[in-house]
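Please read the structure below before turning to the comments.
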Amino acid sequence: MNVNLSVCAGISTLLLSPLIGGWFAQPAAAQTFPSGPIHIIVPFAAGGLVDALARVTGARVAESMGQPVIVENRPGASSTIGMAACANAKPDGHTICPATADALSYNPQLFANLPYDPEKSFTPVIMMALTNNLLVANAKAPFKTYKEMVAYAKANPGKLNWGTWGPGTLPDLYLRWISSQAGVNIQAIPYKGGAVQANTAVYTGEVDITYMGFGVAGPQLAAGTIKPLVAVGTKRSVFLPDLPSLGEEGGDPGLQGYFGMWAPAGTPKPILQRLNAEFTKAMSTPQVQTFYKNSTLVAEPNTPDEFGAFAKADRDAAAKVFKSIGITPQAVPQ
(Lines give C-alpha, C1' and ligand atoms only; values in the text may rest on other atoms or scores of the structure.)
Protein backbone atom coordinates (compact mmCIF):
# COMPACT_ATOMS: atom_id res chain seq x y z
CA MET A 1 0.00 0.00 0.00
CA ASN A 2 1.33 3.42 -0.98
CA VAL A 3 1.17 6.07 1.71
CA ASN A 4 1.56 9.76 0.96
CA LEU A 5 3.86 10.81 3.79
CA SER A 6 3.44 14.50 3.05
CA VAL A 7 -0.33 14.21 3.47
CA CYS A 8 0.10 12.27 6.72
CA ALA A 9 2.50 14.88 8.00
CA GLY A 10 -0.03 17.57 7.21
CA ILE A 11 -2.80 15.69 8.98
CA SER A 12 -0.54 15.12 12.01
CA THR A 13 0.24 18.80 12.15
CA LEU A 14 -3.45 19.67 12.02
CA LEU A 15 -4.27 17.17 14.76
CA LEU A 16 -1.43 18.26 17.03
CA SER A 17 -1.74 22.01 16.58
CA PRO A 18 -4.75 22.42 18.89
CA LEU A 19 -2.96 20.39 21.54
CA ILE A 20 0.25 22.37 21.15
CA GLY A 21 -1.76 25.57 21.28
CA GLY A 22 -3.39 24.43 24.52
CA TRP A 23 -0.03 23.55 26.06
CA PHE A 24 1.41 26.98 25.39
CA ALA A 25 -1.73 29.07 25.90
CA GLN A 26 -1.91 28.68 29.66
CA PRO A 27 1.74 29.63 30.40
CA ALA A 28 1.38 32.58 28.03
CA ALA A 29 -1.78 33.67 29.81
CA ALA A 30 0.00 33.47 33.13
CA GLN A 31 2.91 35.55 31.83
CA THR A 32 0.61 38.39 30.78
CA PHE A 33 -1.57 38.15 33.90
CA PRO A 34 -2.87 40.43 35.22
CA SER A 35 -3.62 42.59 32.22
CA GLY A 36 -6.07 44.82 34.12
CA PRO A 37 -7.72 45.32 37.51
CA ILE A 38 -8.54 42.30 39.65
CA HIS A 39 -12.10 42.33 40.97
CA ILE A 40 -12.87 40.66 44.29
CA ILE A 41 -16.60 39.99 44.62
CA VAL A 42 -17.51 39.86 48.31
CA PRO A 43 -20.93 38.20 48.82
CA PHE A 44 -21.50 40.15 52.04
CA ALA A 45 -22.03 43.80 52.97
CA ALA A 46 -19.15 46.23 53.38
CA GLY A 47 -17.74 46.53 56.88
CA GLY A 48 -17.84 42.87 57.87
CA LEU A 49 -14.90 40.56 58.47
CA VAL A 50 -14.94 38.94 55.01
CA ASP A 51 -15.00 42.40 53.42
CA ALA A 52 -12.15 43.63 55.62
CA LEU A 53 -10.08 40.52 54.87
CA ALA A 54 -10.56 41.02 51.13
CA ARG A 55 -9.54 44.67 51.35
CA VAL A 56 -6.45 44.27 53.53
CA THR A 57 -5.04 41.33 51.54
CA GLY A 58 -6.16 42.82 48.23
CA ALA A 59 -4.21 46.01 48.92
CA ARG A 60 -0.99 44.03 49.36
CA VAL A 61 -1.69 41.98 46.21
CA ALA A 62 -2.27 45.20 44.25
CA GLU A 63 1.09 46.56 45.37
CA SER A 64 2.84 43.35 44.38
CA MET A 65 1.15 42.78 41.02
CA GLY A 66 1.05 46.38 39.88
CA GLN A 67 -2.67 46.39 39.10
CA PRO A 68 -5.62 47.76 41.08
CA VAL A 69 -7.63 45.32 43.19
CA ILE A 70 -11.27 46.42 43.32
CA VAL A 71 -13.58 45.04 46.02
CA GLU A 72 -17.23 44.78 44.98
CA ASN A 73 -19.85 44.01 47.64
CA ARG A 74 -22.85 42.00 46.40
CA PRO A 75 -24.71 40.85 49.52
CA GLY A 76 -28.05 39.15 49.85
CA ALA A 77 -29.90 35.84 49.56
CA SER A 78 -27.52 34.04 51.94
CA SER A 79 -24.50 34.99 49.81
CA THR A 80 -25.94 33.37 46.66
CA ILE A 81 -26.10 36.68 44.74
CA GLY A 82 -22.40 37.39 45.04
CA MET A 83 -21.36 33.78 44.52
CA ALA A 84 -23.45 33.52 41.35
CA ALA A 85 -21.82 36.69 40.00
CA CYS A 86 -18.40 35.17 40.65
CA ALA A 87 -19.33 31.84 39.09
CA ASN A 88 -20.54 33.57 35.92
CA ALA A 89 -17.50 35.82 35.54
CA LYS A 90 -14.88 35.26 32.85
CA PRO A 91 -12.42 32.61 34.10
CA ASP A 92 -9.25 34.58 33.45
CA GLY A 93 -8.16 35.34 37.02
CA HIS A 94 -9.40 38.94 36.95
CA THR A 95 -12.47 38.03 39.06
CA ILE A 96 -12.19 36.08 42.31
CA CYS A 97 -14.32 35.79 45.44
CA PRO A 98 -13.73 35.14 49.13
CA ALA A 99 -16.27 32.62 50.36
CA THR A 100 -17.14 31.14 53.71
CA ALA A 101 -18.33 27.63 54.43
CA ASP A 102 -21.87 29.00 54.25
CA ALA A 103 -21.74 29.41 50.48
CA LEU A 104 -20.21 26.08 49.52
CA SER A 105 -20.90 23.67 52.40
CA TYR A 106 -24.25 24.78 53.84
CA ASN A 107 -26.22 26.40 51.04
CA PRO A 108 -26.24 23.15 49.01
CA GLN A 109 -27.92 21.43 51.97
CA LEU A 110 -30.40 24.25 52.56
CA PHE A 111 -31.48 25.45 49.15
CA ALA A 112 -32.77 23.74 46.04
CA ASN A 113 -31.84 25.10 42.61
CA LEU A 114 -28.86 27.22 43.65
CA PRO A 115 -27.70 29.67 40.96
CA TYR A 116 -24.29 27.97 41.10
CA ASP A 117 -22.89 24.48 41.58
CA PRO A 118 -20.71 24.33 44.71
CA GLU A 119 -18.53 21.60 43.20
CA LYS A 120 -18.38 22.64 39.55
CA SER A 121 -18.77 26.43 39.40
CA PHE A 122 -15.55 27.35 41.21
CA THR A 123 -11.93 26.39 41.46
CA PRO A 124 -9.92 26.86 44.67
CA VAL A 125 -7.21 29.49 45.01
CA ILE A 126 -6.18 29.47 48.67
CA MET A 127 -7.38 28.99 52.22
CA MET A 128 -7.34 32.41 53.85
CA ALA A 129 -8.18 31.77 57.50
CA LEU A 130 -9.85 29.68 60.15
CA THR A 131 -12.09 31.55 62.55
CA ASN A 132 -12.54 31.70 66.31
CA ASN A 133 -16.17 32.31 67.24
CA LEU A 134 -18.55 32.53 70.18
CA LEU A 135 -22.19 33.03 71.00
CA VAL A 136 -22.94 36.38 72.63
CA ALA A 137 -25.98 38.07 74.16
CA ASN A 138 -26.94 41.67 74.67
CA ALA A 139 -25.66 42.92 78.02
CA LYS A 140 -29.21 43.34 79.33
CA ALA A 141 -30.33 39.79 78.48
CA PRO A 142 -31.77 38.01 81.57
CA PHE A 143 -29.07 35.30 81.66
CA LYS A 144 -25.28 35.16 81.97
CA THR A 145 -24.27 31.72 80.68
CA TYR A 146 -25.19 29.35 77.88
CA LYS A 147 -26.94 26.96 80.27
CA GLU A 148 -28.92 29.83 81.77
CA MET A 149 -29.90 30.92 78.25
CA VAL A 150 -31.21 27.44 77.44
CA ALA A 151 -33.16 27.33 80.72
CA TYR A 152 -34.68 30.77 80.02
CA ALA A 153 -35.61 29.76 76.46
CA LYS A 154 -37.35 26.63 77.73
CA ALA A 155 -39.29 28.64 80.30
CA ASN A 156 -40.18 31.34 77.76
CA PRO A 157 -40.71 29.63 74.38
CA GLY A 158 -40.55 32.03 71.43
CA LYS A 159 -39.59 35.04 73.55
CA LEU A 160 -35.87 35.13 72.66
CA ASN A 161 -34.62 36.05 69.21
CA TRP A 162 -31.35 35.35 67.45
CA GLY A 163 -29.71 37.49 64.76
CA THR A 164 -28.46 35.54 61.72
CA TRP A 165 -26.79 36.47 58.43
CA GLY A 166 -29.64 34.80 56.58
CA PRO A 167 -30.78 31.19 56.12
CA GLY A 168 -27.89 28.75 55.72
CA THR A 169 -25.26 30.88 57.41
CA LEU A 170 -23.32 29.71 60.45
CA PRO A 171 -25.39 31.75 62.94
CA ASP A 172 -28.54 30.24 61.46
CA LEU A 173 -27.13 26.72 61.57
CA TYR A 174 -26.05 27.01 65.18
CA LEU A 175 -29.50 28.27 66.08
CA ARG A 176 -31.10 25.29 64.35
CA TRP A 177 -28.66 22.87 65.96
CA ILE A 178 -29.17 24.25 69.47
CA SER A 179 -32.94 24.40 69.01
CA SER A 180 -32.92 20.75 67.96
CA GLN A 181 -30.50 19.48 70.58
CA ALA A 182 -31.74 21.55 73.53
CA GLY A 183 -35.43 21.49 72.62
CA VAL A 184 -35.92 25.26 72.67
CA ASN A 185 -37.89 27.71 70.52
CA ILE A 186 -35.78 30.80 69.67
CA GLN A 187 -36.86 33.06 66.81
CA ALA A 188 -34.45 33.62 63.90
CA ILE A 189 -34.05 37.23 62.73
CA PRO A 190 -32.20 37.21 59.37
CA TYR A 191 -30.26 40.30 58.26
CA LYS A 192 -29.59 40.86 54.58
CA GLY A 193 -26.48 42.87 55.44
CA GLY A 194 -24.96 39.84 57.14
CA ALA A 195 -22.70 40.04 60.17
CA VAL A 196 -22.53 43.84 60.22
CA GLN A 197 -26.28 44.26 60.75
CA ALA A 198 -26.70 41.21 62.98
CA ASN A 199 -23.87 42.35 65.24
CA THR A 200 -25.23 45.87 65.48
CA ALA A 201 -28.64 44.45 66.37
CA VAL A 202 -27.28 42.57 69.37
CA TYR A 203 -25.26 45.61 70.51
CA THR A 204 -28.41 47.73 70.57
CA GLY A 205 -30.68 45.06 71.98
CA GLU A 206 -32.75 44.69 68.83
CA VAL A 207 -31.96 40.97 69.10
CA ASP A 208 -30.96 38.96 72.15
CA ILE A 209 -28.30 36.60 70.82
CA THR A 210 -26.00 36.11 67.84
CA TYR A 211 -22.92 34.23 66.64
CA MET A 212 -19.79 36.38 66.37
CA GLY A 213 -16.04 36.24 65.82
CA PHE A 214 -13.78 36.92 68.80
CA GLY A 215 -12.07 39.78 66.98
CA VAL A 216 -15.35 41.61 66.43
CA ALA A 217 -16.67 40.77 69.88
CA GLY A 218 -13.58 41.86 71.82
CA PRO A 219 -14.14 45.65 71.85
CA GLN A 220 -17.85 45.23 72.58
CA LEU A 221 -17.16 42.83 75.44
CA ALA A 222 -14.73 45.38 76.87
CA ALA A 223 -17.31 48.14 76.45
CA GLY A 224 -19.96 46.07 78.18
CA THR A 225 -22.53 46.12 75.36
CA ILE A 226 -22.55 42.32 75.03
CA LYS A 227 -21.62 39.32 77.16
CA PRO A 228 -20.13 35.97 76.15
CA LEU A 229 -22.21 32.82 76.48
CA VAL A 230 -20.07 30.03 75.06
CA ALA A 231 -17.13 29.44 72.71
CA VAL A 232 -18.14 27.72 69.48
CA GLY A 233 -16.38 24.41 68.92
CA THR A 234 -15.30 21.39 70.89
CA LYS A 235 -12.44 23.21 72.68
CA ARG A 236 -12.09 26.45 74.58
CA SER A 237 -10.58 29.39 72.74
CA VAL A 238 -7.16 30.78 73.62
CA PHE A 239 -8.74 34.23 73.45
CA LEU A 240 -11.13 33.54 76.38
CA PRO A 241 -9.81 30.40 78.06
CA ASP A 242 -12.21 30.68 81.01
CA LEU A 243 -15.25 30.57 78.72
CA PRO A 244 -16.66 27.03 78.33
CA SER A 245 -16.95 25.58 74.83
CA LEU A 246 -20.20 24.48 73.27
CA GLY A 247 -18.75 20.98 73.18
CA GLU A 248 -18.53 21.06 76.97
CA GLU A 249 -21.93 22.65 77.54
CA GLY A 250 -24.22 20.90 75.12
CA GLY A 251 -22.45 19.38 72.15
CA ASP A 252 -21.02 21.16 69.10
CA PRO A 253 -22.04 20.15 65.56
CA GLY A 254 -18.42 20.36 64.36
CA LEU A 255 -18.93 22.95 61.64
CA GLN A 256 -15.67 24.73 60.79
CA GLY A 257 -15.72 28.45 60.13
CA TYR A 258 -13.24 29.34 57.40
CA PHE A 259 -12.55 31.93 54.71
CA GLY A 260 -11.12 30.96 51.33
CA MET A 261 -10.50 32.56 47.95
CA TRP A 262 -12.09 31.05 44.84
CA ALA A 263 -12.06 31.71 41.12
CA PRO A 264 -14.60 30.80 38.42
CA ALA A 265 -14.26 27.25 37.12
CA GLY A 266 -11.99 27.03 34.10
CA THR A 267 -9.46 29.57 35.35
CA PRO A 268 -6.07 28.37 33.99
CA LYS A 269 -3.91 26.55 36.52
CA PRO A 270 -0.85 28.81 36.05
CA ILE A 271 -3.02 31.83 36.93
CA LEU A 272 -4.38 30.04 40.00
CA GLN A 273 -0.81 29.31 41.06
CA ARG A 274 0.15 32.96 40.57
CA LEU A 275 -2.82 34.14 42.63
CA ASN A 276 -2.02 31.57 45.30
CA ALA A 277 1.58 32.79 45.50
CA GLU A 278 0.52 36.44 45.65
CA PHE A 279 -2.02 35.91 48.43
CA THR A 280 0.42 33.71 50.35
CA LYS A 281 2.96 36.54 50.16
CA ALA A 282 0.32 39.10 51.17
CA MET A 283 -0.62 37.04 54.22
CA SER A 284 2.99 37.16 55.43
CA THR A 285 3.22 40.98 55.40
CA PRO A 286 3.21 42.87 58.72
CA GLN A 287 0.01 44.75 57.84
CA VAL A 288 -1.94 41.56 57.17
CA GLN A 289 -0.46 39.69 60.12
CA THR A 290 -1.55 42.54 62.41
CA PHE A 291 -5.05 42.35 60.93
CA TYR A 292 -5.19 38.60 61.57
CA LYS A 293 -4.08 39.06 65.17
CA ASN A 294 -6.57 41.86 65.85
CA SER A 295 -9.36 39.86 64.18
CA THR A 296 -8.44 36.64 66.01
CA LEU A 297 -8.10 34.80 62.71
CA VAL A 298 -5.72 31.89 62.17
CA ALA A 299 -3.81 32.12 58.89
CA GLU A 300 -3.90 28.84 56.96
CA PRO A 301 -2.30 29.36 53.51
CA ASN A 302 -2.10 26.23 51.41
CA THR A 303 -2.08 25.09 47.78
CA PRO A 304 -5.17 25.16 45.56
CA ASP A 305 -5.36 21.35 45.65
CA GLU A 306 -5.05 21.24 49.44
CA PHE A 307 -7.74 23.87 49.84
CA GLY A 308 -10.01 22.03 47.43
CA ALA A 309 -9.63 18.82 49.46
CA PHE A 310 -10.34 20.69 52.71
CA ALA A 311 -13.48 22.31 51.28
CA LYS A 312 -14.79 18.97 50.02
CA ALA A 313 -14.26 17.34 53.42
CA ASP A 314 -16.08 20.24 55.09
CA ARG A 315 -18.97 19.95 52.65
CA ASP A 316 -19.26 16.22 53.32
CA ALA A 317 -19.23 16.80 57.09
CA ALA A 318 -21.90 19.48 56.78
CA ALA A 319 -24.14 17.11 54.84
CA LYS A 320 -24.05 14.66 57.77
CA VAL A 321 -24.89 17.40 60.28
CA PHE A 322 -27.81 18.66 58.19
CA LYS A 323 -29.19 15.16 57.83
CA SER A 324 -29.04 14.68 61.60
CA ILE A 325 -30.96 17.93 62.15
CA GLY A 326 -33.54 16.92 59.55
CA ILE A 327 -33.11 19.95 57.27
CA THR A 328 -34.22 19.55 53.65
CA PRO A 329 -33.51 21.97 50.79
CA GLN A 330 -35.96 24.86 50.37
CA ALA A 331 -36.29 27.67 47.84
CA VAL A 332 -33.39 30.12 47.71
CA PRO A 333 -34.32 33.28 49.67
CA GLN A 334 -34.77 36.49 47.68
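Would you work out the charge dipole size for the chain about its Cα centre, treating the Cβ of every Lys and Arg as +1 and the Cβ of every Asp and Glu as -1, and quote it to the nearest 20 debye?
Dipole magnitude for the chain comes out near 300 debye.
Which lysines, if any, have their Cα less than 20 Å from the Cα of Lys269, not counting same-chain residues under 8 positions apart?
Lys90, Lys120, Lys281, Lys312
Once you have a ≥ b ≥ c as the square roots of the Cα gyration tensor eigenvalues for segment 192-276, tell me rounded if a/c is under 1.5, and otherwise prolate or oblate according to whether a/b is larger than b/c.
Values: a/c = 2.56, a/b = 1.71, b/c = 1.50.
Prolate, since a/c reaches 1.5 and a/b exceeds b/c.
Apply the Karplus curve 6.51 cos²θ - 1.76 cosθ + 1.60, θ = phi - 60°, to the phi angles in segment 143-150 and return the couplings in whole Hz, x for Gly and Pro.
7, 10, 10, 4, 5, 5, 5, 4
Ordering Lys154, Lys140 from largest to smallest accessible area (1.4 angstrom probe), what's the sequence? Show your work: numbers first, answer last.
Details: Lys154 120, Lys140 185 Å².
Heavy-atom accessible area, descending, gives Lys140, Lys154.
Residue by residue through segment 213-222, which ³J(HN,Hα) values in whole Hz follow from phi under the Karplus form 6.51 cos²θ - 1.76 cosθ + 1.60 (θ = phi - 60°), with glycine and proline marked x?
After applying 6.51 cos²θ - 1.76 cosθ + 1.60, I find x, 4, x, 6, 6, x, x, 6, 5, 5 Hz.
Rounded to the nearest 5, what % of the DSSP beta bridges within the chain are antiparallel ones? Walk me through the numbers before you get to the answer.
Values: 24 of 40 bridges.
Among the beta bridges of the chain, antiparallel pairing accounts for roughly 60 percent.
Taking the alpha-carbon distance from Lys140 and a cut-off under 20 Å, which aspartates and glutamates remain once sequence neighbours fewer than 8 residues away in the same chain are dropped?
Glu148, Glu206, Asp208
Any idea what % of Cα-Cα pairs in segment 211-334 are farther than 18 Å? Walk me through the intermediate numbers first.
Values: 5188 of 7626 pairs.
In whole percent, the long-distance tail amounts to 68.
What's the magnitude of the charge dipole for segment 121-210 around its Cα centre, counting Lys and Arg as +1 and Asp and Glu as -1 at the beta-carbon? Answer in Debye, nearest 20.
I would put it at about 180 debye.
Would you pull out the residues with amide H under 5 Å of Thr123's amide H, same chain only if 5 or more places away, H placed 1.01 Å from N?
HN-HN under 5 Å from Thr123: Ala263, Ala265.
Hey, what's the Kirkwood Rh for segment 144-197 if you take every pair of different alpha carbons, in angstrom?
11.4 Å is the Kirkwood radius here.
Which log10 I(q)/I(0) values does the chain give at q = 0.07, 0.09, 0.16 Å⁻¹ under the Debye formula, counting every alpha carbon as one identical point scatterer?
Log-scaled intensity ratios, in q order: -0.33, -0.50, -1.36.
Compute the FRET efficiency between Ser179 and Gln273 as 1/(1 + (r/R0)^6), taking r as their Cβ-Cβ distance and R0 = 41 Å, and round to the nearest 0.05.
0.40
If r is the Cβ-Cβ distance from Ala331 to Ala265 and R0 is 30 Å, what FRET efficiency results, to the nearest 0.05?
Numbers: r = 25 Å, r/R0 = 0.82.
My answer for the efficiency is 0.75.
Report the accessible area of Leu229, computed with a 1.4 Å probe over the heavy atoms of all protein chains in place, in Å² rounded to the nearest 10.
We get 10 Å² for Leu229.
For each pair in Lys192/Lys235; Lys227/Lys293; Lys154/Lys320; Lys192/Lys320, compute the distance between the two Cα atoms and list the pairs where it is over 25 Å.
Lys192/Lys235; Lys154/Lys320; Lys192/Lys320
Over the Cα atoms of segment 98-169, what is the Rg over Rh ratio if Rh follows Kirkwood?
1.11
Under 5 Å between amide H atoms, partner at least 5 residues away or on a different chain: which partners does Glu72 have, H built in plane at 1.01 Å?
Amide H neighbours of Glu72, under 5 Å, 5+ apart: Ile40, Ile41, Val42.
Hey, can you grab everything whose amide H is under 5 Å from the amide H of Gly257? Only 5+ residues off in sequence or another chain; H modelled, so Pro and N-termini drop out.
Result for Gly257 returns Thr131.
Going by accessible area, probe 1.4 Å, with all protein chains left in place, what is the ranking of Ser64, Ser78, largest first? Walk me through the numbers before you get to the answer.
On the way: Ser64 50, Ser78 10 Å².
Largest to smallest exposure gives the sequence Ser64, Ser78.
What do you get for Rg/Rh of segment 19-140 when both radii come from the Cα atoms and Rh is the Kirkwood radius? Write out the running numbers ahead of the final one.
Values: Rg = 16.7 Å, Rh = 16.2 Å.
With Rg and the Kirkwood Rh in hand, the quotient comes to 1.03.
Only four residue types carry charge here, +1 at the Cβ of Lys and Arg and -1 at the Cβ of Asp and Glu. Report the dipole size of segment 175-299 about the Cα centre in Debye, rounded to the nearest 20. Numbers along the way, then the final one.
Details: 9 positive and 7 negative charges, 103 e Å.
The calculated dipole for segment 175-299 is roughly 500 debye.
Per Stokes-Einstein, at 20 °C and 1.002 mPa s, what whole-number D in µm² s⁻¹ belongs to segment 100-226, with the Kirkwood radius over Cα pairs as the hydrodynamic radius?
137
The values are calculated or read from the model by the stated rules, or taken from the named source; none is laboratory data. As the structure is a prediction and not an experimental result, all values here were calculated from the model. Ideal geometry is used to build each Cβ from the backbone, glycine not excepted, and the neighbour counts take in all protein chains shown. SASA here: full protein model, heavy atoms, side chains in, ligands and nucleic acids out. Shrake-Rupley method; radii C 1.70, N 1.55, O 1.52, S 1.80 Å.
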